[in-house]
Amino acid sequence: MPQDRGMTSRNQFPQWLPEREVARMLRLSEDALGNWRSQDMRIGRVWPQPGRGGLIWRRFGRTVRYQLSDDLAGRAGRMEGA
């Protein structure tokens, strides 16, 4: 059965990562991710559409989390190997 984007094989629920971890994975600053989210909101991006950089993010109260997708994991893996 094909896996949905951002789903784990264990429980089939999306895995949400904290902003700091995504910034570290992509070698970006947390401020850069914040700027991308601001641009997404200005152009009217609504969840669950991917935002700038192909990232899917969502607010949970005051906390921002990014959905782990195969694309995000793949990019992070390529950057760690470089």
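The values are calculated or read from the model by the stated rules, or taken from the named source; none is laboratory data. The model shown is predicted, which means the values in this text are computed figures rather than measured ones. Cβ placement follows ideal geometry from the backbone for every residue including glycine, while neighbour counts extend to all protein chains displayed.
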Just one of the numbered conditions (1) exposed (fewer than 11 other Cβ atoms within 10 Å of the Cβ); (2) modelled with pLDDT under 90 is not true of Thr63; which one? (2)
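Under the condition of being basic (Lys, Arg) and touching a helix residue (DSSP H, G or I) at 6+ places or on another chain (Cβ under 8 Å), which residue from region 1-36 is modelled with the lowest pLDDT? Don't jump to the end; show me each part of the working.
Taking region 1-36 first, the residues basic (Lys, Arg) are 5, 10, 20, 24, 27.
Next, only the ones that are touching a helix residue (DSSP H, G or I) at 6+ places or on another chain (Cβ under 8 Å) stay: 5, 20, 27.
Working: Arg5: 55, Arg20: 96, Arg27: 92.
That would be Arg5.
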